[in-house]
Amino acid sequence: MIKNTIHSILKFFSKKLVSMESNIEEVTSFIKNLKPIKGNFELMRIGSKFDGGYLIPNDLEGIKTCFSPGTSDNCSFELDLAKNYGIKSYMCDWSVENSPVNHKNLIFTKKYLGIINNSKYQTLETWIKNTVPNNDSILQMDIEGWEYSVILSAKEEILLNFRILIIEFHDLDMLFTRIGFNTINSTFEKLLENFRIVHIHPNNCCGVYEYKGIEIPKVMEFTFLNKNRIGPYKKTVDFPHELDSPNTKLPNIDLPKIWFK
């Protein structure tokens, strides 16, 4: 009886999931729109050789601030900016008590970045306005899936405070579901209004999901540059980049060719 009940439940959800699938052509078109470009700035690595280090355009002149939600126990990126470029990083994370490193250019707030303001959360708009509004900052964001709601709820004028965005996107395998596709696609459409992708790096923490011949690393780091900083450009096929490095000791994941060819 129990076995039959479980089978019925699984069959029900199997049918439900099929009906909730996104259109495969939509997913292919989405990926096509995300092809990285090579502009007038070479990429350089900031932070650790492993997790916590990112490739960004060598376009830091004039940047004085970085906003970095999702501090956890790793601030190698922010510390590199502080020590070698004099850039002050504003960090936040409710899950830890303080910055893992003390430095005059590292300012920590014990709050999550979210879509409301209370004792536990703050919005991107409130955070920026309560610190140092600046039209030439960096946003380095790794907030475990909350990136979609934060970006979708942010006003365009707030996102335009940033010259460079480094965002780790989670649950990308959800592109194959209708609700996942709509959320992820809407997020990237909003960002691509004012930014271009200059680098993509799969995080090898979580593997690759394959469906109908399309490979999608479940977690990937995207680097964006504000369109007003980009001159002539061309499509880049430089993957993996010579400065790329695995995040963890798990087997490495190269960016599947569908994402850049």
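Within the stretch 101-149, the set of residues being closer than 20 Å to Asp171 by Cα and of a type in the set (Val, Ile, Thr) comprises Ile115, Ile143. Name the residues in the stretch 62-96 that are hydrophobic (A, V, I, L, M, F, W, C) and touching a Cys at 6+ places or on another chain (Cβ under 7 Å), would you? The answer is Leu81, Ile87, Met91. Evaluation of Ile164 against the conditions (1) surrounded by fewer than 21 Cβ atoms within 10 Å (Cβ to Cβ); (2) touching a Pro at 6+ places or on another chain (Cβ under 7 Å) shows that the sole unmet condition is (1).
For the stretch 199-258, list the strands (runs of 3 or more DSSP E) that sit wholly inside it and hold at least 1 residues that are at pLDDT 95 or above and in contact with a Gly (Cβ under 9 Å, 6 or more places away or on another chain); which are they? Quick ask: steps written out before the conclusion?
Details: elements: 208-211, 214-217, 220-226.
Where strands (runs of 3 or more DSSP E) fall fully within the stretch 199-258 and carry at least 1 residues being at pLDDT 95 or above and in contact with a Gly (Cβ under 9 Å, 6 or more places away or on another chain), they are 214-217, 220-226.
Pairs meeting the criteria (first residue in the stretch 100-125 and free of Cβ contacts under 8 Å to residues at least 60 places away in the same chain, second residue surrounded by fewer than 14 Cβ atoms within 10 Å (Cβ to Cβ) and in a strand (DSSP E or B), beta carbons under 7 Å, at least 6 apart or on different chains) are lacking. Is the stretch 208-215 home to any residue that is crowded, with 18+ Cβ neighbours inside 10 Å and of a type outside the set (Asp, Glu)? Looking for residues that are crowded, with 18+ Cβ neighbours inside 10 Å and of a type outside the set (Asp, Glu), one finds none in the stretch 208-215, hence no.
The values are calculated or read from the model by the stated rules, or taken from the named source; none is laboratory data. Keep in mind that what you see is a predicted model, and the values were worked out from it rather than measured. Here Cβ is always computed from backbone atoms with ideal geometry, including for glycine, and neighbour counts include all displayed protein chains.
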